[in-house]
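Structure first, then comments.
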Amino acid sequence: MTRKHILVALVQDKPGVLNRIASTLRRRNFNIESIAVGHIEIPHLSRMTITLEGDDAKVEQVRKQLDRVVEVIRISDITYENPVEREMAMIKVKASASTRSEIIQIVDIFRANIVDVSPDSLIIVAVGNQEKVETFIELLRGFGIRELSRTGTIALPRGGAGPLTIDESKPLRHVVEHVLTEEEENLPNW
Amino acid sequence: MKTGAEILCECLLKEGVEVVFGFPGGVLLPLYDTFPKYPELRHILVRHEQGAAHAADAYARVTGKIGVCLATSGPGATNLVTGIANAYLDSAPMLAITGQVPTFFIGKDAFQEVDITGVTIPITKYNHLVLDAAELAEYIREAIYVAQSGRPGPVLLDIPRDVLQTKTDFVFPEKVDLPGYKPKLFGHPAQIKKASDLINTVERPVIIAGRGVNVSRAFAELKELAEKSQIPVVTTFLGIGCFPESHVLSYGWLGMHGMGYANKAIHHSDLVVAIGMRFDDRATGVVSAFAPQARIIHIDIDAAEIGKNLNADVPIVGDIKNVLQVLNKQITKREHVSWLSQLDEWRAIHPATEVRDHEGLLPQYIIRQIHEVTKGDTIIVTDVGQHQMWAGQYFFYDKPNSFVSSGGLGTMGFGLPASIGAKVGAPHETVWCICGDGGFQMTVQELATMVQENLDINIAVMNNGWLGMVRQWQELIYEKRYFGTQLYNPDFVKIAEAYGIKGVKVNKKIDVRPAIEKAMAHKGPFLIEFVVEPEENVYPFVPPGKTLVEFLEMPSPSGSLKK
Ligand SMILES: Cc1ncc(C[n+]2csc(CCOP(=O)(O)OP(=O)(O)O)c2C)c(N)n1
Ligand SMILES: [Mg+2]
């Protein structure tokens, strides 16, 4: 079944990581709906939230391929974990003296915020899940949208430790030591 | 304090690297100025960077150690690309080092600047542009570790000229710290249990053993599994050499040009134990009709291979040697007398390795003669085409890991430079390089490398005057509408002589054996040009879009194709 999936990944902050991830998704012909990246509480690590359309098996396949990327520490598909999802949109909408109050009403209903006011337009910030943000944008469309910017979804699974939680049970660093076993050392050329 | 170039050399030596296949250029001058200080590091000058990559690839396959190739920035780096892709598809551990323009030029389209890390993202396991000499040692360590561990593959480090020149403190990192890299070495016990339960109960099992067995050096473990539970072993094309072909349980290899009986065995089996292979389309035929009655146990070190082309009933992710060691303890002794005799019957009706009686010079005959003269004690390196398939079919591989061929990418031009890598990696082994007249000309310049290094390599050029494999498809699928496949060829013996290589031309059957013997007796490179039957076809042949059992066989004398 094809549906929207949410993949979350913990990655090392190194050049080229985003490239590799995008390249893997492109090769498998996935359309990325959004990617959001930001630092987390641990230095040199970022968290990525990728939303894309695809059937479960194909997404699982690409998840495994993404997990192969050396700089990807953990990656998980949280689609079925009832995650809390949010995205933010900034909308610059035309607002004349006659439309302004109607816009403010809509903003209130959606618990959005007006963050900038100028004589003929407003900048509104809205936060919510994708559906809510899209409905909000639709409602504003009639007034005339001048600029629109969206962050893409970020998401956290509900409840206790999530698949990306780093704690004593799942430490970040399992330092790999490259020591040859005796057997490996004695490998003949053949 | 050491320069970046010195750090590079010292790290390579510490990692056990003995040979670098390289070709210099402007940005590499600081490194080439440093090499003489490290005489233990052998530099082999190739004639084209593609040759360096293929040589490093084959060196890695033969030794199991990392193969290193080196190229300058821009065109040097892009010339490596085919070789890197080849190593990626066949999982060979290789470190490609490229010079890069100085850091202050990067991003400005400087002379000979190419974003090679960008170019090679999809064909490397790991790659980096190193911007600071102080980080170089760490990057080298990581790169080599990643290339050699887990499912092996190529990695690339791009090093700007000024990084090679910068002096810095050199500390060889004791440990590799890659929190995101976690090759899974041991299979899950519950899955292994499920696998042994199946193996202990089914009636018509088949093992399909792939290159992973060669990589993991799990020859003894595979043999134990097969013998203890009496399971016939079919290999993939790149799995050739992982199980002795003279063994009673060996039933050849599967796929498009695999043995009919191997394909039939798989088709009628009730259990496929797939070990270190990836259900490539050349191996499976129409994948939806692959082994229709069988349950699948899939053992591979790369989790991303499991379920990719075919769903597995029992997936086991782990190093094959480790997994088989545990599995072998849980399997019971079995007999599959009637199943094995069924397979023998199929082998009798579908012979695929018998050289037919024929006046003219058949490539199959030549391959068999090479087998007889060498008694199988040689490494066979091939190029890509019909001769490659015949080399797989008509030679019997009993020696572990003795077959080096470009499988996944099917790269014409692989053979000659790969034979250099194989010989350098295994200097005490006899090496035969089997090429077509087409592919030989794609990397012919490496003859000079062989001479310069005085490598004792036996080269057989199968001159059929055609891009034979493509001609065969034009004949069988495009109703003989030949176009763009006939070759005007040089005199290959004269070509060899021009490089200072001894050679003979062979047109007749009776001259085959003496020529082979002469080549082997000769120290140093030797080339035999075999002028063979021009329109011979490779059979069996599973045409594209067909299932494994819909193979065509050699037409019977009446001319019709026998199913
Ligand atoms: C670099 C490259 N280009 C094209 C091909 C497609 N191709 C596959 S086999 C083949 C013919 C090879 O001819 P030759 O080397 O003479 O070998 P033969 O089949 O005659 O034994 C071609 C063109 C390829 N595999 N690799
Ligand atoms: Mg040819």
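About its Cα centre, the dipole of the protein assembly as shown is roughly 880 debye, where the only charges are +1 on Lys and Arg Cβ and -1 on Asp and Glu Cβ. Here the dipole of chain B is about 920 debye; that uses its Cα centre as origin and unit charges on the Cβ of Lys and Arg (positive) and Asp and Glu (negative). Mean separation of Cα pairs under 8 Å and 6 or more residues apart, divided by the residue count, gives chain B a relative contact order of 13 percent. Peptide A:70-76 shows a mean partner chain C-beta count of 5 within 10 Å per residue C-beta.
Distances between placed amide hydrogens fall under 5 Å for B:I379 paired with B:T430, B:V431, B:W432, all partners being 5 or more residues away or on another chain. When the Gaussian network model of chain A links Cα atoms closer than 10 Å, the mean-square fluctuations of A:D77, A:D167, A:D13 top out at A:D167. The mean number of Cβ atoms from other chains found within 10 Å of a Cβ in peptide B:420-429 is 1, as a whole number.
Pairs of Cα atoms nearer than 8 Å and 6+ residues apart set the relative contact order; for the stretch B:134-270 it is 17 percent. Residue by residue, the stretch B:30-36 carries 3J(HN,Hα) couplings of x, 6, 5, 6, 9, 3, x Hz when phi is fed to the Karplus relation 6.51 cos²θ - 1.76 cosθ + 1.60 (θ = phi - 60°); x denotes Gly or Pro.
Sparsely packed loop sites in the stretch B:346-415 (the GluC sites (Glu not before Pro) outside DSSP H, G, I, E and B with at most 11 other Cβ atoms within 10 Å) comprise B:E354, B:E359.
Measuring between their Cα centroids, the stretch B:242-278 and the stretch B:521-558 lie 19 Å from each other. Under the rule of at least 5 residues apart or a separate chain, name every residue whose amide H is placed under 5 Å from the amide H of B:M94. For B:M94, the qualifying residues are B:G67, B:G153, B:V155. Enumerate by residue number the trypsin sites (Lys or Arg not before Pro) in the stretch B:437-503 meeting two conditions: DSSP loop (anything except H, G, I, E, B), and at most 11 other Cβ atoms within 10 Å of the site's Cβ. Loop-located and lightly packed - B:K480, B:R481. The relative contact order of chain A, computed from alpha carbon pairs under 8 Å that lie at least 6 residues apart in sequence, is 24 percent.
Students often get this wrong: which residues of the stretch B:193-218 have the backbone nitrogen under 12 Å from the point 7 angstrom along Cα-to-C-beta of B:S338? In the stretch B:193-218, the label zone of B:S338 (backbone N under 12 Å from the point 7 Å along Cα→Cβ) covers B:203-204.
Across the stretch B:13-18, rounded Karplus estimates of 3J(HN,Hα) from the backbone phi angles (6.51 cos²θ - 1.76 cosθ + 1.60, θ = phi - 60°) give 5, 4, 7, x, 6, 10 Hz, Gly and Pro being marked x. Taking amide H as placed 1.01 Å from N in the peptide plane, B:L548 has its amide H under 5 Å from the amide H of B:V286, each at least 5 places away in sequence or on another chain.
For the stretch B:71-86, 3J(HN,Hα) computed residue by residue from phi via the Karplus equation (6.51, -1.76, 1.60; θ = phi - 60°) reads 9, 7, 5, x, x, x, 5, 5, 5, 7, 4, 4, x, 5, 4, 4 Hz, glycine and proline entered as x. With a point put 7 Å past each Cα toward its Cβ, work out how far A:K170 is from A:S23 in nm, to one decimal. A separation of 2.7 nm, rounded to one decimal place. For the pair the stretch B:225-239 and the stretch B:345-378, the centres of their Cα atoms are 22 angstrom apart.
Here each label is just a point 7 Å from Cα along the line to Cβ, and for B:Y488 and B:K108 those points are 4.7 nm apart. Inter-chain Cβ neighbour count for B:120-127, averaged per residue, equals 3 (cutoff 10 Å, partner chain atoms only).
Restricting the GluC sites (Glu not before Pro) of the stretch B:21-121 to loop positions (DSSP other than H, G, I, E, B) with no more than 11 neighbouring Cβ atoms within 10 Å leaves B:E40. Using a probe radius of 1.4 angstrom, the carbon and sulfur fraction of the accessible surface of the stretch B:334-456 is 49%. If R0 is 60 Å, the Cβ-Cβ spacing of A:E138 and B:I510 corresponds to a FRET efficiency of close to 0.10. Highest-first packing order for the peptide set B:410-417, B:302-309 is B:410-417, B:302-309, based on the mean count of other beta carbon atoms within 10 Å.
For the chain pair A and B, the buried solvent-accessible surface (1.4 Å probe, both sides summed) amounts to about 3100 Å². Solvent-accessible area assigned to carbon and sulfur over the stretch B:151-240 amounts to 55 percent, based on a 1.4 Å probe.
The values are calculated or read from the model by the stated rules, or taken from the named source; none is laboratory data. Predicted model only: the values in this text are computed from it and were never measured. Because the Cβ atoms are built from the backbone with ideal geometry, glycine has one as well, and the counts that use them run over all protein chains shown. The protein model used for the area step is the full one, side chains on, heavy atoms only, and it has no ligands, DNA or RNA in it. Shrake-Rupley method; radii C 1.70, N 1.55, O 1.52, S 1.80 Å.
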